[in-house]
Amino acid sequence: MDDPPPAVYVPAMTRRARDIGLLLVVLVLTALAAWSAAGLRMQGDLSKVLKGTSEPYARFAEFQETFGSVGGDAIVAVEATDLGAPAAFAALEDLLIELQLTEGVAGVVSVFGLGDPEDTARPFLRRPELQDLPPAERLDRLHGAVPIAAEMISEDRALTLVTVIPDESVEAPRRAAALEAALATAGPELTVDRVGLSRLHEGVQDALKRDQLRLTPISMAISTLLALLLFRSWRAAAICAIPPVIALAWTLGIQAAAGVEVDPLVAMVPTLILVLGFADAVHLHHAVGIAGRTRPLPDAIDHAVREVWPALLLTSITTALAFLSLLLVGSPTLSTVALVGAGGLTLVFAVVLLVVPPLTRLLLTGPPEPARIGIPGMG
(Lines give C-alpha, C1' and ligand atoms only; values in the text may rest on other atoms or scores of the structure.)
Protein backbone atom coordinates (compact mmCIF):
# COMPACT_ATOMS: atom_id res chain seq x y z
CA MET A 1 0.00 0.00 0.00
CA ASP A 2 1.43 3.37 -1.05
CA ASP A 3 2.27 5.86 1.66
CA PRO A 4 0.16 9.08 1.65
CA PRO A 5 1.90 12.05 0.02
CA PRO A 6 3.81 14.20 2.47
CA ALA A 7 1.96 17.27 3.69
CA VAL A 8 3.07 20.47 2.02
CA TYR A 9 3.83 23.24 4.46
CA VAL A 10 2.37 26.58 3.43
CA PRO A 11 3.62 29.38 5.67
CA ALA A 12 0.85 31.54 7.02
CA MET A 13 0.87 35.18 5.98
CA THR A 14 2.01 37.39 8.82
CA ARG A 15 -0.23 40.13 10.14
CA ARG A 16 2.21 42.74 8.81
CA ALA A 17 2.03 41.21 5.33
CA ARG A 18 -1.79 41.14 5.52
CA ASP A 19 -1.84 44.79 6.59
CA ILE A 20 0.44 45.81 3.72
CA GLY A 21 -1.64 43.79 1.24
CA LEU A 22 -4.88 45.33 2.50
CA LEU A 23 -3.53 48.87 2.27
CA LEU A 24 -2.21 48.20 -1.23
CA VAL A 25 -5.70 47.08 -2.30
CA VAL A 26 -7.16 50.20 -0.71
CA LEU A 27 -4.54 52.31 -2.51
CA VAL A 28 -5.44 50.78 -5.88
CA LEU A 29 -9.15 51.31 -5.27
CA THR A 30 -8.46 54.91 -4.23
CA ALA A 31 -6.43 55.53 -7.38
CA LEU A 32 -9.27 54.15 -9.52
CA ALA A 33 -11.78 56.30 -7.63
CA ALA A 34 -9.61 59.40 -8.08
CA TRP A 35 -9.34 58.67 -11.80
CA SER A 36 -13.11 58.37 -12.00
CA ALA A 37 -13.59 61.54 -9.91
CA ALA A 38 -11.53 63.51 -12.45
CA GLY A 39 -14.57 63.26 -14.73
CA LEU A 40 -16.91 64.78 -12.16
CA ARG A 41 -19.02 67.54 -13.70
CA MET A 42 -20.20 70.74 -12.07
CA GLN A 43 -23.81 71.86 -12.50
CA GLY A 44 -24.33 75.61 -12.50
CA ASP A 45 -27.88 75.72 -13.84
CA LEU A 46 -29.73 77.19 -10.86
CA SER A 47 -33.12 76.28 -12.36
CA LYS A 48 -32.16 72.61 -12.06
CA VAL A 49 -31.02 73.13 -8.48
CA LEU A 50 -34.43 74.59 -7.63
CA LYS A 51 -36.34 71.89 -9.49
CA GLY A 52 -39.33 70.62 -7.54
CA THR A 53 -43.03 69.89 -7.58
CA SER A 54 -44.28 73.38 -6.72
CA GLU A 55 -46.80 75.09 -8.98
CA PRO A 56 -44.45 77.97 -9.95
CA TYR A 57 -41.76 75.51 -11.02
CA ALA A 58 -44.33 73.44 -12.93
CA ARG A 59 -45.28 76.56 -14.91
CA PHE A 60 -41.61 77.34 -15.47
CA ALA A 61 -40.98 73.78 -16.73
CA GLU A 62 -43.97 74.03 -19.06
CA PHE A 63 -42.60 77.29 -20.45
CA GLN A 64 -39.24 75.63 -21.12
CA GLU A 65 -40.88 72.68 -22.83
CA THR A 66 -42.64 75.08 -25.17
CA PHE A 67 -39.89 77.63 -25.84
CA GLY A 68 -36.74 75.74 -24.89
CA SER A 69 -34.33 76.22 -22.00
CA VAL A 70 -34.06 79.85 -20.95
CA GLY A 71 -30.47 79.32 -19.90
CA GLY A 72 -29.29 77.26 -22.84
CA ASP A 73 -28.68 80.06 -25.34
CA ALA A 74 -25.43 82.01 -25.14
CA ILE A 75 -25.97 85.77 -25.25
CA VAL A 76 -23.04 87.77 -26.62
CA ALA A 77 -22.74 91.53 -26.17
CA VAL A 78 -20.79 93.11 -29.05
CA GLU A 79 -19.64 96.69 -28.49
CA ALA A 80 -17.85 99.22 -30.65
CA THR A 81 -17.45 102.96 -30.84
CA ASP A 82 -19.92 102.81 -33.73
CA LEU A 83 -21.10 99.53 -35.22
CA GLY A 84 -22.17 101.57 -38.24
CA ALA A 85 -18.56 102.38 -39.08
CA PRO A 86 -17.52 100.35 -42.15
CA ALA A 87 -14.67 98.53 -40.36
CA ALA A 88 -16.78 97.67 -37.30
CA PHE A 89 -19.73 96.61 -39.47
CA ALA A 90 -17.51 94.30 -41.53
CA ALA A 91 -15.93 92.88 -38.35
CA LEU A 92 -19.41 92.15 -36.96
CA GLU A 93 -20.38 90.33 -40.16
CA ASP A 94 -17.16 88.27 -40.02
CA LEU A 95 -17.81 87.37 -36.37
CA LEU A 96 -21.34 86.21 -37.12
CA ILE A 97 -20.12 84.04 -40.00
CA GLU A 98 -17.49 82.54 -37.70
CA LEU A 99 -20.11 81.78 -35.06
CA GLN A 100 -22.41 80.09 -37.58
CA LEU A 101 -19.55 77.78 -38.62
CA THR A 102 -18.55 76.97 -35.02
CA GLU A 103 -18.92 73.45 -33.65
CA GLY A 104 -21.82 73.15 -31.26
CA VAL A 105 -23.73 76.12 -32.70
CA ALA A 106 -27.15 75.35 -34.15
CA GLY A 107 -27.95 78.92 -35.12
CA VAL A 108 -27.26 82.59 -34.55
CA VAL A 109 -29.84 85.33 -33.97
CA SER A 110 -28.64 88.86 -34.73
CA VAL A 111 -29.77 92.13 -36.30
CA PHE A 112 -28.85 90.65 -39.67
CA GLY A 113 -31.62 88.10 -39.29
CA LEU A 114 -34.44 90.47 -38.37
CA GLY A 115 -37.24 90.09 -40.87
CA ASP A 116 -38.48 92.79 -43.21
CA PRO A 117 -42.05 93.86 -42.28
CA GLU A 118 -42.84 94.08 -45.99
CA ASP A 119 -41.41 90.64 -46.79
CA THR A 120 -40.95 88.37 -43.75
CA ALA A 121 -38.98 85.85 -45.79
CA ARG A 122 -36.22 88.39 -46.30
CA PRO A 123 -34.02 90.04 -43.63
CA PHE A 124 -34.51 93.78 -43.48
CA LEU A 125 -30.83 94.55 -44.04
CA ARG A 126 -30.99 92.58 -47.30
CA ARG A 127 -33.42 95.00 -48.91
CA PRO A 128 -32.06 95.79 -52.39
CA GLU A 129 -32.46 99.55 -51.92
CA LEU A 130 -30.29 99.44 -48.78
CA GLN A 131 -27.28 97.72 -50.27
CA ASP A 132 -25.59 100.90 -51.54
CA LEU A 133 -26.19 102.87 -48.33
CA PRO A 134 -23.50 103.33 -45.67
CA PRO A 135 -23.73 100.77 -42.83
CA ALA A 136 -24.67 103.46 -40.31
CA GLU A 137 -27.69 104.54 -42.32
CA ARG A 138 -28.75 100.91 -42.89
CA LEU A 139 -28.71 100.28 -39.13
CA ASP A 140 -30.62 103.51 -38.45
CA ARG A 141 -33.32 102.49 -40.90
CA LEU A 142 -33.48 99.04 -39.28
CA HIS A 143 -33.89 100.66 -35.89
CA GLY A 144 -36.78 102.77 -37.14
CA ALA A 145 -38.60 100.16 -39.25
CA VAL A 146 -38.37 96.97 -37.14
CA PRO A 147 -39.72 97.38 -33.58
CA ILE A 148 -37.74 94.48 -32.12
CA ALA A 149 -34.49 96.02 -33.37
CA ALA A 150 -34.48 98.36 -30.36
CA GLU A 151 -34.12 95.25 -28.16
CA MET A 152 -31.06 94.05 -30.09
CA ILE A 153 -29.08 97.17 -30.97
CA SER A 154 -28.72 100.44 -29.10
CA GLU A 155 -29.88 103.67 -30.70
CA ASP A 156 -26.33 105.04 -30.76
CA ARG A 157 -25.15 101.85 -32.52
CA ALA A 158 -22.57 101.19 -29.78
CA LEU A 159 -23.96 97.84 -28.60
CA THR A 160 -25.75 94.88 -30.13
CA LEU A 161 -26.79 91.54 -28.68
CA VAL A 162 -26.21 88.24 -30.48
CA THR A 163 -27.94 85.04 -29.40
CA VAL A 164 -26.07 81.79 -30.07
CA ILE A 165 -28.36 78.76 -30.10
CA PRO A 166 -26.51 75.62 -28.93
CA ASP A 167 -26.43 72.27 -30.68
CA GLU A 168 -27.43 69.95 -27.82
CA SER A 169 -25.87 66.94 -29.59
CA VAL A 170 -22.43 68.37 -28.80
CA GLU A 171 -21.21 68.04 -25.21
CA ALA A 172 -21.39 71.23 -23.18
CA PRO A 173 -17.62 71.49 -22.46
CA ARG A 174 -16.82 71.17 -26.17
CA ARG A 175 -19.50 73.73 -27.06
CA ALA A 176 -18.13 76.20 -24.52
CA ALA A 177 -14.53 75.78 -25.69
CA ALA A 178 -15.49 76.16 -29.35
CA LEU A 179 -17.58 79.25 -28.62
CA GLU A 180 -14.75 80.91 -26.70
CA ALA A 181 -12.38 80.20 -29.59
CA ALA A 182 -14.83 81.72 -32.08
CA LEU A 183 -15.35 84.85 -29.98
CA ALA A 184 -11.58 85.28 -29.74
CA THR A 185 -11.50 85.85 -33.52
CA ALA A 186 -13.41 89.15 -33.21
CA GLY A 187 -11.58 92.03 -34.85
CA PRO A 188 -9.90 94.81 -32.86
CA GLU A 189 -12.81 97.11 -33.67
CA LEU A 190 -15.11 95.02 -31.46
CA THR A 191 -15.34 94.27 -27.75
CA VAL A 192 -17.08 90.94 -27.10
CA ASP A 193 -18.44 89.73 -23.76
CA ARG A 194 -20.61 86.80 -22.71
CA VAL A 195 -23.74 87.82 -20.80
CA GLY A 196 -27.07 86.24 -19.87
CA LEU A 197 -28.10 83.16 -17.91
CA SER A 198 -25.75 80.74 -19.66
CA ARG A 199 -22.82 82.90 -18.61
CA LEU A 200 -24.17 82.97 -15.05
CA HIS A 201 -24.40 79.17 -15.08
CA GLU A 202 -20.81 78.86 -16.27
CA GLY A 203 -19.75 81.31 -13.55
CA VAL A 204 -21.46 79.14 -10.93
CA GLN A 205 -19.71 76.06 -12.35
CA ASP A 206 -16.32 77.77 -12.18
CA ALA A 207 -17.03 78.92 -8.62
CA LEU A 208 -18.02 75.39 -7.56
CA LYS A 209 -14.83 73.93 -9.01
CA ARG A 210 -12.73 76.67 -7.44
CA ASP A 211 -14.38 76.21 -4.05
CA GLN A 212 -13.88 72.44 -4.08
CA LEU A 213 -10.21 72.81 -4.97
CA ARG A 214 -9.84 75.37 -2.21
CA LEU A 215 -12.02 74.00 0.60
CA THR A 216 -10.84 70.39 0.44
CA PRO A 217 -7.14 71.16 1.08
CA ILE A 218 -8.07 73.73 3.74
CA SER A 219 -10.30 71.21 5.53
CA MET A 220 -7.57 68.60 5.44
CA ALA A 221 -4.92 71.06 6.64
CA ILE A 222 -7.06 72.15 9.58
CA SER A 223 -7.89 68.54 10.48
CA THR A 224 -4.24 67.48 10.31
CA LEU A 225 -3.17 70.45 12.42
CA LEU A 226 -5.84 69.60 14.99
CA ALA A 227 -4.61 65.99 15.12
CA LEU A 228 -1.06 67.24 15.70
CA LEU A 229 -2.26 69.41 18.58
CA LEU A 230 -4.27 66.55 20.11
CA PHE A 231 -1.75 63.73 19.81
CA ARG A 232 1.59 65.57 19.45
CA SER A 233 2.62 63.09 16.73
CA TRP A 234 2.89 63.31 12.96
CA ARG A 235 2.16 59.58 12.76
CA ALA A 236 -1.09 60.06 14.64
CA ALA A 237 -1.94 62.99 12.38
CA ALA A 238 -1.39 60.78 9.32
CA ILE A 239 -3.49 57.95 10.78
CA CYS A 240 -6.37 60.37 11.41
CA ALA A 241 -6.07 62.34 8.14
CA ILE A 242 -5.66 59.56 5.57
CA PRO A 243 -9.00 57.68 6.04
CA PRO A 244 -11.27 60.70 5.35
CA VAL A 245 -9.31 61.46 2.17
CA ILE A 246 -9.80 57.87 1.02
CA ALA A 247 -13.52 57.99 1.85
CA LEU A 248 -13.90 61.25 -0.05
CA ALA A 249 -12.08 59.85 -3.10
CA TRP A 250 -14.31 56.78 -3.10
CA THR A 251 -17.44 58.91 -2.73
CA LEU A 252 -16.51 61.27 -5.57
CA GLY A 253 -15.40 58.37 -7.78
CA ILE A 254 -18.71 56.56 -7.37
CA GLN A 255 -20.58 59.85 -7.82
CA ALA A 256 -18.77 60.52 -11.11
CA ALA A 257 -19.29 56.95 -12.33
CA ALA A 258 -23.02 57.27 -11.59
CA GLY A 259 -23.19 60.53 -13.55
CA VAL A 260 -24.24 62.62 -10.55
CA GLU A 261 -23.24 66.25 -11.08
CA VAL A 262 -22.05 68.61 -8.36
CA ASP A 263 -24.47 71.50 -7.83
CA PRO A 264 -24.35 74.18 -5.09
CA LEU A 265 -26.17 71.86 -2.65
CA VAL A 266 -24.30 68.62 -3.40
CA ALA A 267 -21.06 70.61 -3.09
CA MET A 268 -21.58 70.73 0.69
CA VAL A 269 -21.22 66.95 1.04
CA PRO A 270 -17.42 66.57 0.48
CA THR A 271 -16.55 68.89 3.37
CA LEU A 272 -18.95 67.01 5.66
CA ILE A 273 -17.38 63.70 4.67
CA LEU A 274 -13.91 65.01 5.50
CA VAL A 275 -14.98 66.40 8.86
CA LEU A 276 -16.98 63.34 9.95
CA GLY A 277 -14.31 60.94 8.68
CA PHE A 278 -11.66 62.80 10.62
CA ALA A 279 -13.82 62.76 13.75
CA ASP A 280 -14.34 58.98 13.50
CA ALA A 281 -10.62 58.37 12.93
CA VAL A 282 -9.70 60.54 15.93
CA HIS A 283 -12.27 58.71 18.07
CA LEU A 284 -10.83 55.30 17.17
CA HIS A 285 -7.20 56.39 17.50
CA HIS A 286 -7.88 57.92 20.91
CA ALA A 287 -9.55 54.66 21.99
CA VAL A 288 -6.40 52.78 20.93
CA GLY A 289 -4.37 55.10 23.15
CA ILE A 290 -6.68 54.51 26.14
CA ALA A 291 -6.64 50.72 25.64
CA GLY A 292 -2.86 50.82 25.20
CA ARG A 293 -2.33 51.93 28.78
CA THR A 294 -2.68 48.30 29.91
CA ARG A 295 -2.20 46.33 26.65
CA PRO A 296 0.38 45.89 23.91
CA LEU A 297 -0.36 47.65 20.61
CA PRO A 298 -2.00 44.74 18.69
CA ASP A 299 -4.33 43.92 21.58
CA ALA A 300 -5.06 47.62 22.16
CA ILE A 301 -6.13 48.03 18.52
CA ASP A 302 -8.40 44.98 18.63
CA HIS A 303 -9.91 46.08 21.93
CA ALA A 304 -10.47 49.67 20.68
CA VAL A 305 -12.22 48.45 17.53
CA ARG A 306 -14.55 46.22 19.59
CA GLU A 307 -15.32 49.07 21.97
CA VAL A 308 -15.72 51.88 19.44
CA TRP A 309 -17.32 50.42 16.31
CA PRO A 310 -20.89 50.43 17.75
CA ALA A 311 -20.57 54.15 18.54
CA LEU A 312 -19.18 54.87 15.07
CA LEU A 313 -21.97 52.86 13.50
CA LEU A 314 -24.67 54.65 15.47
CA THR A 315 -23.32 58.12 14.64
CA SER A 316 -23.06 57.14 10.97
CA ILE A 317 -26.61 55.76 10.95
CA THR A 318 -28.15 58.78 12.67
CA THR A 319 -26.35 61.24 10.39
CA ALA A 320 -27.24 59.18 7.32
CA LEU A 321 -30.88 59.15 8.42
CA ALA A 322 -30.74 62.94 8.68
CA PHE A 323 -29.59 63.03 5.06
CA LEU A 324 -32.17 60.47 3.95
CA SER A 325 -34.96 62.53 5.52
CA LEU A 326 -34.41 64.97 2.64
CA LEU A 327 -36.00 62.35 0.37
CA LEU A 328 -39.34 63.31 1.90
CA VAL A 329 -39.13 66.88 0.57
CA GLY A 330 -39.80 65.86 -3.01
CA SER A 331 -36.97 67.89 -4.54
CA PRO A 332 -34.75 65.99 -7.01
CA THR A 333 -31.73 68.05 -5.95
CA LEU A 334 -32.26 67.39 -2.24
CA SER A 335 -32.82 63.70 -3.05
CA THR A 336 -29.39 63.68 -4.68
CA VAL A 337 -27.90 65.35 -1.60
CA ALA A 338 -29.58 62.70 0.57
CA LEU A 339 -28.21 59.76 -1.41
CA VAL A 340 -24.70 61.15 -1.85
CA GLY A 341 -24.49 62.14 1.82
CA ALA A 342 -25.78 58.81 3.12
CA GLY A 343 -23.55 56.87 0.74
CA GLY A 344 -20.53 58.95 1.69
CA LEU A 345 -21.12 58.34 5.40
CA THR A 346 -21.38 54.61 4.78
CA LEU A 347 -18.01 54.73 3.05
CA VAL A 348 -16.56 56.80 5.91
CA PHE A 349 -17.56 54.16 8.45
CA ALA A 350 -16.17 51.33 6.30
CA VAL A 351 -12.89 53.10 5.47
CA VAL A 352 -12.14 54.13 9.07
CA LEU A 353 -12.55 50.56 10.35
CA LEU A 354 -10.70 49.18 7.32
CA VAL A 355 -7.73 51.54 7.26
CA VAL A 356 -7.04 52.84 10.78
CA PRO A 357 -6.10 49.46 12.40
CA PRO A 358 -3.54 48.31 9.78
CA LEU A 359 -2.18 51.84 9.38
CA THR A 360 -1.70 52.08 13.16
CA ARG A 361 0.11 48.73 13.30
CA LEU A 362 2.44 49.74 10.45
CA LEU A 363 3.24 53.28 11.61
CA LEU A 364 3.52 52.73 15.36
CA THR A 365 5.73 50.43 17.40
CA GLY A 366 3.82 50.89 20.63
CA PRO A 367 0.48 52.17 21.89
CA PRO A 368 -0.08 55.86 21.10
CA GLU A 369 -0.59 58.53 23.69
CA PRO A 370 -4.28 59.39 24.12
CA ALA A 371 -5.41 62.83 22.98
CA ARG A 372 -4.43 65.65 25.31
CA ILE A 373 -7.37 68.00 25.52
CA GLY A 374 -5.80 70.32 28.08
CA ILE A 375 -9.09 71.06 29.89
CA PRO A 376 -8.79 70.80 33.69
CA GLY A 377 -10.50 67.67 34.97
CA MET A 378 -10.73 66.13 31.48
CA GLY A 379 -7.21 64.85 30.99
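The values are calculated or read from the model by the stated rules, or taken from the named source; none is laboratory data. What you are looking at is a predicted structure, and each value in this text was computed from that prediction instead of being measured. Heads up, the Cβs are rebuilt from the backbone with ideal geometry, glycines too, and the neighbour counts pull from every protein chain shown. Keep in mind that these areas ignore ligands, DNA and RNA; they rest on the heavy atoms of the full protein, side chains included. Shrake-Rupley method; radii C 1.70, N 1.55, O 1.52, S 1.80 Å.
Against the compact-protein benchmark of 2.2 N^0.38 Å, the Cα-based radius of gyration of the stretch 223-299 scales to 1.35. Computed over the stretch 159-310, the quotient of the alpha carbon radius of gyration and 2.2 N^0.38 Å is 1.61. Computed over the stretch 293-375, the P(r) curve from all C-alpha pair distances, binned at 5 Å from the origin, holds 3, 13, 17, 16, 14, 12, 9, 7, 5, 3, 1 percent per bin.
Give the peptides 336-344, 225-233 in descending order of average Cβ contacts within 10 Å, highest first.
Highest mean packing first, the order is 336-344, 225-233.
Using the beta-carbon distance between VAL195 and SER335 and R0 = 41 Å, what value does 1/(1 + (r/R0)^6) give for FRET efficiency, to the nearest 0.05?
On the way: r = 33 Å, r/R0 = 0.80.
E between VAL195 and SER335, to the nearest 0.05, is 0.80.
Taking 0.36 nm per residue of sequence separation and removing the Cα-Cα distance, the LEU362/ALA350 pair yields an extension gain of 2.4 nm. Packing around the peptides 282-292, 85-95, taken as the average count of other Cβ atoms within 10 Å per residue, puts them in this order, highest first: 282-292, 85-95. For a distance above 11 Å, tell me the whole-number percent of Cα pairs in the stretch 143-187 that qualify. So the pairs more than 11 Å apart make up 74 percent of the total in the stretch 143-187. Solvent-accessible surface of the stretch 231-374, averaged per residue with a 1.4 angstrom probe and all protein chains in place: 42 square angstrom. Each of the peptides 139-151, 255-267 was scored by the mean count of other Cβ atoms within 10 Å over its residues; in descending order, highest first, they stand as 255-267, 139-151. With Cα atoms as the point set, the stretch 96-146 shows a radius of gyration and Dmax of 12.4, 35 Å. If I model a spin label as a point 7 Å beyond the Cα along the Cα-Cβ vector, how far apart are those points for ARG232 and ARG306 in nm? Result for the modelled spin labels: 3.0 nm. Residue-normalised convex hull volume from the C-alpha trace of the stretch 77-123: 96 Å³ per residue.
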